[in-house]
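Notes follow the structure.
Coordinate-derived values only; no laboratory data. Quick caveat, the model's predicted, so the values are computed rather than measured. So basically every Cβ, Gly included, is an ideal-geometry build from the backbone, and we count neighbours across all protein chains shown.
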Amino acid sequence: MAQPPDISDTFVREVDENLRRDRVRDFFKENGTWLVVGVILFLAACGGIIWYQQHRVERAEGHVEQLAQIYKDISTGNTSAVPKQLDDLSKSSSKSVRASAMFTRAALAIQQNDQKTAISTYKSIADDSSFPDAYRNAALIRQTALEFDQLQPQDIITRLQPLTKAGDPWFGSAGEMTALALVKQGKNAEAGQLFAAIAKDKTVPASIRNRAIQISGTLGVDSSAALPLAQ
């Protein structure tokens, strides 16, 4: 009886490899155009991203130079074009440039007795969640100080409550305005205790602590233990 031919492992592997090569070749023949287009689009996208990032860096550098020139113009009193320039820079893609432009715009508005613009600018900073808390809290304090006489006491207390805590960087300013709002509400005992807490907090600026000692005394709270303070 005839024996079946011997099919070696090597022969099987060669056939398998040839089949795979044929499949790959057919795949590229059928889809080659789309693959080339895909590669081109991928490279174009990568190039676009790199260009955009570089463009943003260059724009930010240009904006910093503009800010430097603006500060120079302000120092020499040449401010006629400054508000418009600062408004433009407040739209910068750089957070630091945008914040610097907005704080400067608000300060310039105060200098020009334009409290409405200053308040709205500080409010925009405080409400912008893309800014670090340090910027937002500073703006909130300044906004509240400008609006203090226009606000209801409870609105002041509620707004500043997150910052009216011993050890907070803004405890002195936030606590002082909150205590004054409590006085407006007739809550002198609470106000006196808050002034006393401010007086005892050595992280609070000396000028605010000195005022706190004096006012707490008039409200019947002895803060003399916080003395002496540098005048």
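From least to most packed, judged by other beta carbons within 10 angstrom and beginning with the fewest, Arg98, Arg211 follow the order Arg211, Arg98. Taking 16 Å as the straight-line reach from the Cα of Lys165, the lysines in range (excluding those fewer than 8 positions away in the same chain) are Lys200, Lys202. Protection proxy ranking of 175-188, 77-90, 151-164, by the mean of other Cβ atoms within 10 Å over each peptide's residues and highest first, is 175-188, 151-164, 77-90. Separation of the alpha carbons by more than 19 angstrom is noted, of Lys116/Lys187; Lys95/Lys123; Lys95/Lys116; Lys123/Lys184; Lys72/Lys95, for Lys116/Lys187; Lys95/Lys116; Lys123/Lys184; Lys72/Lys95.
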